[in-house]
Each structure stands twice: as C-alpha cells, then as structure tokens.
Amino acid sequence: MSHLSDVPGWVQGVCGALMLLGAVLALIGAVGVLRLPNFFQRVHATTLASTLGGWAIGVAAALYYSFSAGRVALHPLLVPALLTLTVPVSTFFLMRAAVFRHRLAGTPGVPGSLGSGGEGGDLADRGAVADTDSVVRGRD
Amino acid sequence: MNPIFATALWLAPVLLLLAMACALLRLLLGPSAEDRILALDTLYVAAALLVLVLGVRANGGGAYFEVALLIALLGFASTSAMAKFVLRGEVVE
C-alpha cells in the first residue's frame, strides 16, 4: 500500500484543482435544478455534473491512482465514461415523458407534435388520452 | 502535502454534499413527478462523484471505485424505469 508522500506535489496540485472543478460544477448543476423556474429549464442544469464535472473528477482520480500505485490505472475513467453514455439516454426518456404529460395538460409553451401522423395520432391510437388527461389536469 | 490538494480533500466532498442537498430539496419540493425523477438523477450523479472523491481521500484503499460504478449503473436503470413508468403507466408491458 502506498502513501501520500509517494505522489509528487504537482500531481497533487492538478488532482486537487480538478476535484474542486468537478465539485463546483456539480454544485452549480444542482443549484440550477433547485432554482430554475420550470422543468424544461431544470433538465439542462443536471448535465453540468454528468459531463464536465464527471470527467474532471474521473481524470483526477485516474491521475492520482496512477501515481500512487506506480503504474497506469485508468479504471476510474470508467465512471465518467458510463455517466456520459447513460445520462443523456435517461434524460431523453424523462424529457419525452415530460413533454407527453405537459401536452396532455395543455401547459402553454410546450411544442405540439410535428405533422398529423406524429405524436398526437399515436396518443389517440393508444386510447390513453382521456384517462391520463383527467389525471394530469386534476393535479393542477 | 500540496495545499491545493489538502484543501480539495475536504472542500470537494463538502461541495458535493451541498449539491446533493440541493437535489434532495428539489426531490422533496418538486411539483411534478418528472421534477422528482430529475432530482433523483442529479442526486445519484453527485453521489457517484462523491464516492470517487472519497476514494482519492482513502488513497486507493477500499472498494470506492466499484461502488461509484455501481451507483452510476443502477442510477441509469432506475431513472429509465421511472421515466418509462411516468410515460406509460407501467414499466414492463
């Protein structure tokens, strides 16, 4: 097991700066999620933490592990790589669900479907419009 | 020890905990179901990053990296499942 003194000072400086950068970006993203006025603006804020913030902390961890173990250790980079791949996908699902619900609720400012054969026709075919509509409206 | 590193070792976890607190507040407030799911998403990303930072703090000991990977994977699965649930009313059709 290695000790802190094995890692050169400049590596510690770079790691510290990158960890602080990542933490600050995650905090800014979370404050955005808390403070922005509506859902469609909030959904943008969380990507700060999952992209640049994640890579900053991942690179810091990889650099630190590499110097502390005395060999190349890139495995911490798997975490930000995984986040970068998966977070846009789950955010996209969430966004679709939100657009669907807000359209049914008739929230102003939500874009309608493109063309007649698109989303709206799909909804009507599903026969779910009446049920979900009353549920979503009842909540407001 | 380098002063920037010494500062980062305690400041970065504090900042990440603050981020998780903001997300938790949105999770409790969040007017709609989408807001709560988004807050949970933010919460798990911050948690994965926090575990990575704690791993650097622990100086290579423990299984911090594996835990961060698990949080990231399970977070993706849960967010997708909940988004699907909000969209269709059930997860597996």
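Nothing in this text is a laboratory measurement; each read-out follows from the coordinates by a stated rule. Note that the coordinates shown come from a computational prediction; the quantities given were computed from them, not determined experimentally. When we count neighbours, we look across all protein chains shown, and the Cβ atoms used for this are built from the backbone with ideal geometry, even at glycine.
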- Ranking of B:78, A:90, A:50 by count of other Cβ atoms within 10 Å, fewest first: B:78, A:90, A:50
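Where does chain B land at 222 nm, in deg cm²/dmol rounded to the nearest 500, when only DSSP H runs of n ≥ 4 count, each adding -39500 (n - 2.57), divided by all residues?
So the helix-based figure for chain B works out to -29500 deg cm²/dmol.
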- Query: With each pseudo-label sitting 7 Å past Cα toward Cβ, what's the residue B:81-residue B:14 distance in nm, one decimal?
  - Reply: 3.7 nm
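Can you put A:95, B:82 in order of Cβ neighbours within 10 angstrom, beginning with the fewest?
A:95, B:82
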- Query: So for the protein assembly as shown, what are the equivalent ellipsoid semi-axes in whole Å, largest first, each being the square root of 5 times an eigenvalue of the Cα gyration tensor?
  - Reply: 41, 17, 13
- Item | From phi via Karplus (6.51, -1.76, 1.60), per-residue ³J(HN,Hα) for region A:26-36 in Hz, x at Gly/Pro | 4, 5, 4, x, 5, 5, x, 4, 6, 9, 5
- Message: What does the net charge come to around residue A:89 if you take all other residues with beta carbon closer than 15 Å to its beta carbon, with K and R at +1 and D and E at -1?
- Response: +1
- Karplus 3J(HN,Hα) series, Hz, for region A:8-17 with 6.51 cos²θ - 1.76 cosθ + 1.60 (x for Gly, Pro): x, x, 5, 5, 4, x, 4, 4, x, 4
